[in-house]
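As structure tokens, the structure follows; a few thoughts come after it.
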Amino acid sequence: MKVFSILCMVTMMTVCAYGQDTVRRTYTRTIQSSTRLDTNEVVYDEQGKALHYYQYLRLLNSGEYTVTIKGGMPGDPAAKKFLKRLSVEEQNRQYTMMKKFTIIKSPQLQEGMELDVMPLLQVMKPAELNNKVIVLIFWSAGCPPCTESFADINDFLKQIHNPEELVVLAISRDSKQVAQAKLKEKPLLYAQFLNQASAAYNAYQLNHMPSYVVADKSHIIRYSATGTGQTTLPSFKSTIKAVLQQ
């Protein structure tokens, strides 16, 4: 298990962002502490089948499920976590509830502003970004939620009929060797990789992973979110689809 700082909410929602801030967990009240990411944690499906981290995370990333706790309060050894399928109405309500918690705090990456492409020119030429939808994925080889999302993103990208209009940049502070080793295990389609990219993180004033940014062909940011949760990837993918149709 690795120690991270995690922003988590578990009620009708689940969000986790990895970075340098303190932990906030919202249940019926908010508490602050440090925590560990336990990839051996078990969550049970609606039939009572035990699912490990890498199994239930993909279901959560679909946006169709949330995690509920039964048999005690969070942290109680007797308490168990269960997946619950959400109705469309519950999904919409959850998105509204979670949106404010997933906002990237960086003043450089706010929705509605123009994306500064200068930090990206280490691997891209300006002409390669002109009239392209730009997708930024901030990740780390040591962040399981980052790399576990790649399979869902790949499935989505395979369905896009005009990928030539899309530029996907995966940005990591990891060395090229470390990043490539992880990407052999967890590939990411269509992506160009900006590694050892502390300068880009600093330029964008970003500390949390995973973080996702989508800018339209005019380079206006249309989606900006951090963390993993039931609404993050669905909203990320729907924004890409929408801006590609513009």
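Taking the range 38-51 as the range and being of a type outside the set (Asp, Glu) and either assigned to a strand (DSSP E or B) or free of Cβ contacts under 8 Å to residues at least 60 places away in the same chain (or both) as the test, the residues that pass are Asn40, Val42, Val43, Tyr44, Gln47, Gly48, Lys49, Ala50, Leu51. In this structure, is Thr68 outside any loop (DSSP other than H, G, I, E, B), open to solvent by 20 Å² or more (accessible area, probe 1.4 Å) and over 18 Å from Ala225 (Cα atoms)? Here the answer is yes, as Thr68 does meet what is asked.
Is there a residue being in a loop (DSSP other than H, G, I, E, B) and modelled with pLDDT of 80 or more anywhere in the range 52-63? Looking through the range 52-63, none of the residues is in a loop (DSSP other than H, G, I, E, B) and modelled with pLDDT of 80 or more. Here the condition is being of a type in the set (A, V, I, L, M, F, W, C), modelled with pLDDT under 80 and surrounded by fewer than 16 Cβ atoms within 10 Å (Cβ to Cβ); of Val3, Val15, Val10, it holds for Val3 alone. If you check Ser224 against the conditions, is it under 27 Å from Tyr53 (Cα atoms), within 16 Å of the chain's Cα centre (by Cα), modelled with pLDDT under 95 and surrounded by 19 or more Cβ atoms within 10 Å (Cβ to Cβ)? Criteria not met by Ser224. Filtered by the rule that a residue be modelled with pLDDT under 95, more than 11 Å from Gln205 (Cα to Cα) and in a loop (DSSP other than H, G, I, E, B), the range 96-118 gives a lone residue, Ile103. Cβ-Cβ distances below 7 Å connect the following pairs, each with a first residue in the range 205-223 that is more than 9 Å from Ile137 (Cα to Cα) and of a type in the set (Gly, Ala, Ser), a second residue that is part of a strand (DSSP E or B) and open to solvent by 10 Å² or more (accessible area, probe 1.4 Å), and a separation of six or more residues or different chains: Ala215/Arg222.
The values are calculated or read from the model by the stated rules, or taken from the named source; none is laboratory data. As the structure is a computational prediction, the values presented were derived from the model and not from experiment. So basically every Cβ, Gly included, is an ideal-geometry build from the backbone, and we count neighbours across all protein chains shown. Surface accessibility is based on the protein's heavy atoms, side chains included, excluding ligands, DNA and RNA. Shrake-Rupley method; radii C 1.70, N 1.55, O 1.52, S 1.80 Å.
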